[in-house]
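Below is one structure; the comments refer to it alone.
Every number in this text was worked out from the coordinates using simple rules, so none of it is lab data. Keep in mind it's a predicted model, so treat the numbers as computed, not measured. Every residue, glycine among them, receives a Cβ derived from its backbone with ideal geometry; neighbour counts consider all protein chains shown.
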Amino acid sequence: MEPVLIVGAGIVGLTLGQALKQKNIPFEIFERDATPEARGQGWAITLHWALEYMFKMLPEETLSRIQDVQVDPDVARHDSGNFLFINLETGEPKYKIPPNRRWRVNRERMRRALLRGIEEHVHWGHRVVGLDLPEGENKARLLFEDGDAVSGRLVVGVEGSRSMVRQILRPDSFNNVPLGINFTGVAVDLTPEEIQPLRDMDPLLFQGCHPQTGVFFWFSMLETPHVNGTANTAAERYRAQICMSWAEEGPGDKVSSTDEGRLTNMKERACGFAPFLEHAVNRIPDGTPVTEIKLADWECLDWNNHDGRVTLAGDAAHAMTMYRGEAANHGILDAFRLAGAIDQIYHHSVGATVALAGYELEMRERTRRAVQLSRQACRDAHNWASLDGNSAILTKRAIIAS
Ligand SMILES: Cc1cc2nc3c(=O)[nH]c(=O)nc-3n(C[C@H](O)[C@H](O)[C@H](O)COP(=O)(O)OP(=O)(O)OC[C@H]3O[C@@H](n4cnc5c(N)ncnc54)[C@H](O)[C@@H]3O)c2cc1C
């Protein structure tokens, strides 16, 4: 049979490729980035409940490569799974989010770990610009920006939250819906002394809200000296991620167009934080690039899968904010279920329309709830007074799925 055509070599597209390879299903992945190194260092993400599905669908060597890209392998060995939510004014932990087994990994290194073993199926520098679904044929065709085209049995759009395939399937309603909350973050190098007070709170990550201003703060480890090779040298350093978000209530809450303006804003908003947190923000050096992440979501609306010839997965299917740290976990579960549905088509003579409809039904139910919960978690994160143990930002990360 003709191959499955996957648009996007992000975490979900590559996981799907690996899962299809295990099932001997032909596939090709098309990625707009010119090379695997084209992106910067990126963020870290926490894999928690999706680990169960990764163990079921990925080969052992891939799992061990992913395990190796944890941001702090030492902490990982005896991790308690703690996840603290603190009062930013006092610096005191207020809530402990129920623990899970977790791997906190560097996202770009995980992408490279997933690439190993399927390199020959990943086509870099291939930006997909269109999709053709010829009437009466069991085929789909992808069109590339250089005018080339490729034909396959079905197309999976996994090209992230601004998906082109989503736009084709829902031209009336493909845009992510903004939340009215602004978010900026930096990656910063810190000496062992500078990072110690933050690591004393939690060596991997913690978050919190300021009771008066409603500003949200997020700290997480990106690299330890052992990972970046500076251990036991004079230049020993950690790399951490410091992010802040706040509700947009007036013109003064907009995100500046310059790094300098964004950094000044972060420093101003950290006024009144407990001293060790205020210092952490004030110490961010001038000239540090400050990234804005647009907080917006998309609730996995319905689409027509054109007789089982096209579907979506990952952020393309369900964009959600990161306040529950679940989007990639859902995307990985999508890959697991979709690989099962595609297996039904290729090896068990199940009709593609039925197989994809089953996959989409489960995903839609699961991820609509997740998008709503993440949206609520984002709002909770900025409203200290309304936080309680049942708030979406504080409840256990788990799925309700069959
Ligand atoms: C700060 C932050 C923290 C996060 N923390 C967590 C966490 O702790 N836990 C968690 O589960 N999730 C987390 N997430 C979410 C997680 O990063 C995403 O859910 C995940 O990366 C989505 O993977 P994806 O493969 O669906 O999409 P992407 O990673 O966006 O990959 C899409 C790929 O498609 C390519 N592409 C796009 N358009 C085209 C085109 N037209 N043609 C060809 N290729 C194309 C892109 O270049 C990209 O490589 C976080 C997100 C952020 C921003």
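How much of the DSSP bridge set in the chain is antiparallel, in percent, rounded to the nearest 5?
Working: 43 of 60 bridges.
The antiparallel fraction comes to roughly 70 percent.
May I have the pair-distance distribution P(r) for the chain, computed from all Cα-Cα distances with 10 Å bins from 0 and rounded to whole percent?
The distribution over the chain is 5, 22, 31, 25, 13, 4, 0, given as percents.
Write down, largest first, the equivalent ellipsoid semi-axes of the stretch 277-402 in whole Å, where each equals the square root of 5 times an eigenvalue of the alpha-carbon gyration tensor.
Values: eigenvalues 260, 61, 29 Å².
Output for the stretch 277-402: semi-axes of 36, 17, 12 Å.
Taking H placed 1.01 Å from N in the peptide plane, check which residues at least 5 places from A44 or on another chain put their amide H under 5 Å from its amide H.
Distant-sequence amide H within range of A44: R107.
Is the C-alpha gyration tensor of the stretch 261-309 telling us rounded, prolate or oblate? Criteria: a/c under 1.5 is rounded; beyond that, a/b larger than b/c is prolate, otherwise oblate. Provide the component values of the computation, followed by the final result.
Values: a/c = 4.76, a/b = 3.20, b/c = 1.49.
Since a/c reaches 1.5 and a/b is larger than b/c, the shape of the stretch 261-309 is classed as prolate.
Trypsin sites (Lys or Arg not before Pro), restricted to the stretch 1-61: which are DSSP loop and have at most 13 other Cβ atoms within 10 Å? Can you show the working numbers first?
Values: sites: K21, K23, R32, R39, K56; in loops: K23, R32, R39.
For trypsin sites (Lys or Arg not before Pro) across the stretch 1-61 that sit outside H, G, I, E and B with at most 13 neighbouring Cβ atoms in 10 Å, the list reads R39.
Rounded to the nearest 20 debye, what is the charge dipole size of the stretch 330-402 about its Cα centre when +1 sits on each Lys and Arg Cβ and -1 on each Asp and Glu Cβ?
On the way: 9 positive and 7 negative charges, 43 e Å.
For the stretch 330-402, the charge dipole is close to 200 debye.
Only sites in a loop by DSSP and with at most 12 other Cβ atoms within 10 Å count here; which trypsin sites (Lys or Arg not before Pro) in the stretch 228-266 make the cut? Mind showing how you got there, number by number?
Values: sites: R237, R239, K254, R262; in loops: R237, K254.
Those satisfying the criteria are K254.
List E120, E135, E292 from most exposed to least, where exposure is judged by having the fewest other Cβ atoms within 10 Å. Numbers along the way, then the final one.
Working: E120 7, E135 4, E292 13.
Result, fewest neighbours first: E135, E120, E292.
Placing unit charges on C-beta atoms (Lys and Arg positive, Asp and Glu negative, everything else neutral), compute the dipole magnitude of the stretch 178-292 about its Cα centre in debye, rounded to 20. It would help to have the intermediate numbers written out before the result.
Values: 8 positive and 16 negative charges, 16 e Å.
In debye, rounded to 20, the stretch 178-292 gives about 80.
Rounded, prolate or oblate: which fits the stretch 149-296 when a ≥ b ≥ c are the square roots of the eigenvalues of the alpha-carbon gyration tensor, with rounded for a/c under 1.5 and prolate only if a/b beats b/c?
On the way: a/c = 2.55, a/b = 1.44, b/c = 1.76.
Since a/c reaches 1.5 but b/c is at least a/b, the shape of the stretch 149-296 is classed as oblate.
Just grab the label-to-label distance for E260 and Q22, each label 7 Å out from Cα along the Cβ direction, in nm (one decimal).
Placing both labels 7 Å along Cα→Cβ, they lie 5.2 nm apart.
What is the set of long-range amide H partners of V310 at a cut-off below 5 Å, with H atoms built 1.01 Å from backbone N?
Amide H neighbours of V310, under 5 Å, 5+ apart: V155.
Assigning unit charges at the beta carbon (Lys, Arg +1; Asp, Glu -1) and nothing else, what dipole magnitude in debye, to the nearest 20, does the chain show about its Cα centre?
Working: 44 positive and 54 negative charges, 153 e Å.
Computed about the Cα centre, the dipole is about 740 debye.
Over what distance in Å are the Cα centres of the stretch 283-331 and the stretch 221-273 separated?
Using only Cα atoms, the two centres lie 22 Å from each other.
Please report, largest first and rounded to whole Å, the three semi-axes of the ellipsoid equivalent to the stretch 1-113, where each semi-axis is the square root of five times an eigenvalue of the C-alpha gyration tensor. Show your work: numbers first, answer last.
Details: eigenvalues 208, 56, 32 Å².
Its equivalent ellipsoid spans semi-axes of 32, 17, 13 Å.
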